[in-house]
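What follows is a short report on a single structure.
Readers should treat all values here as calculations from the given coordinates under stated rules, not as data from a laboratory. Remember, predicted model here, so these are calculated numbers, not experimental data. Don't worry about glycine lacking a Cβ; one is built from the backbone with ideal geometry, like all the others, and counts go over all protein chains shown.
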Amino acid sequence: MIDERRVLAGIPIRVVTKTTAYRGTVLFYHGFMSAIEHQTKELRSLAERGYMAIGVDSVGHGQRLFPDFEARFSNSNLSHDDNYQSLLKDSVNEIPQLVDALIHEGLAKDASLGIAGISMGGYISFGASLKEPRLKVIAPILGSPNWSDEDPESPHMQGDRFYPRALLVQNAGEDVNVPPRFARSFVESLRSSYSAQPERLQYYEFPESSHFMREDDWNELWGNVLQHFDRFLPVCPRN
């Protein structure tokens, strides 16, 4: 197993992969106030499955932590915080240059790219699918497509741009940090656009879990993520 830190296009990443077997590349984004160091279990799980797992330190986090982080994010209602909105957009806007660098370095093929993320990483996953068309499979976890009702760039305002990407959305029913109703209603609004291939749009909600999920629910959720990539990410040999 390879597990190493690199910087590509000025972006700190963590590359986790097996030395044999490659079935695609998956970008993985951590949650708010976290870092990719905390996602070892998920990254190695993807690698064991045969994926090139690329953990990314989001803008302002991890190896590029804002020195004034606490002052910037003192607002408890992050969904309406301009600094948080900027952080999401900045993290999404740099993804195309990261994908270019990964392909150039032989760490990805543009025919076999996916993305997943937890909480803030889920928000980023929704946005990334619109910014980077080479991402074929999207799996936001405990995230929301609704960044702001006043922002036309919010993913929930651009539902017509998601199909035919394979989209798996999973949320917790008792989550007060990221209420599931936004993701749930968004997925329902996409049903008609996915009518030709309804299997490519999936939504799961875990009614007894909060933002910090019950262990059994998390294990089921993560199993769904792995199966989603197995089913929909095209296998594309690196050589």
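So here's what we get for this one:
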read-out: Order of Glu70, Glu205, Glu105 - criterion: other Cβ atoms within 10 Å of each residue's Cβ, fewest first; value: Glu70, Glu105, Glu205
read-out: Theoretical gain in end-to-end length, Asn219 to Arg161 [0.36 nm per residue, Cα-Cα removed]; value: 17.8 nm
read-out: Peptides ranked, highest mean first, by Cβ atoms within 10 Å: ranges 121-130, 178-187; value: 121-130, 178-187
read-out: Proxy reagent accessibility, fewest Cβ within 10 Å first, across Phe73, Phe206; value: Phe73, Phe206
read-out: Set of lysines with alpha-carbon distance to Lys89 below 19 Å, sequence-local pairs under 8 removed; value: Lys131
read-out: Nearest-0.05 FRET efficiency for Ala21 and Ala196, computed from C-beta distance (R0 41 Å); value: 0.80
read-out: Cα Rg, Dmax (largest Cα-Cα span) when computed across segment 127-216, Å; value: 13.0, 37
read-out: Inverse of mean 1/r across different Cα pairs in segment 39-139, Kirkwood, Å; value: 14.7 Å
read-out: Estimated inter-spin distance, Glu105 and Ile2, nm [label 7 Å along Cα→Cβ]; value: 1.0 nm
read-out: Segments 166-173, 48-55, 87-94, 4-11 sorted - mean Cβ within 10 Å per residue, highest first; value: 166-173, 48-55, 87-94, 4-11
read-out: Full-extension gain in nm, Ser86 to Glu208, via 0.36 nm per residue minus C-alpha separation; value: 40.7 nm
read-out: 4 °C / 1.567 mPa s Stokes-Einstein diffusion coefficient of segment 2-232, Kirkwood radius on C-alpha pairs, µm²/s; value: 74 µm²/s
read-out: Fraction of beta bridges assigned by DSSP in the chain that are antiparallel (%, nearest 5); value: 30 percent
read-out: Total charge dipole magnitude, segment 2-232, about the Cα centre, Cβ charges on Lys, Arg, Asp, Glu only, Debye to nearest 20; value: 880 debye
read-out: At R0 = 45 Å, FRET efficiency that the Cβ-Cβ distance of Thr40 and Glu150 yields, to 0.05; value: 0.75
read-out: Sequence-separation-based contact order of segment 2-232, relative, with Cα cut under 8 Å and 6+ spacing, percent; value: 15 percent
read-out: Neighbour-count ranking [beta-carbon atoms within 10 angstrom, fewest first] of Thr40, Thr25, Thr19; value: Thr19, Thr40, Thr25
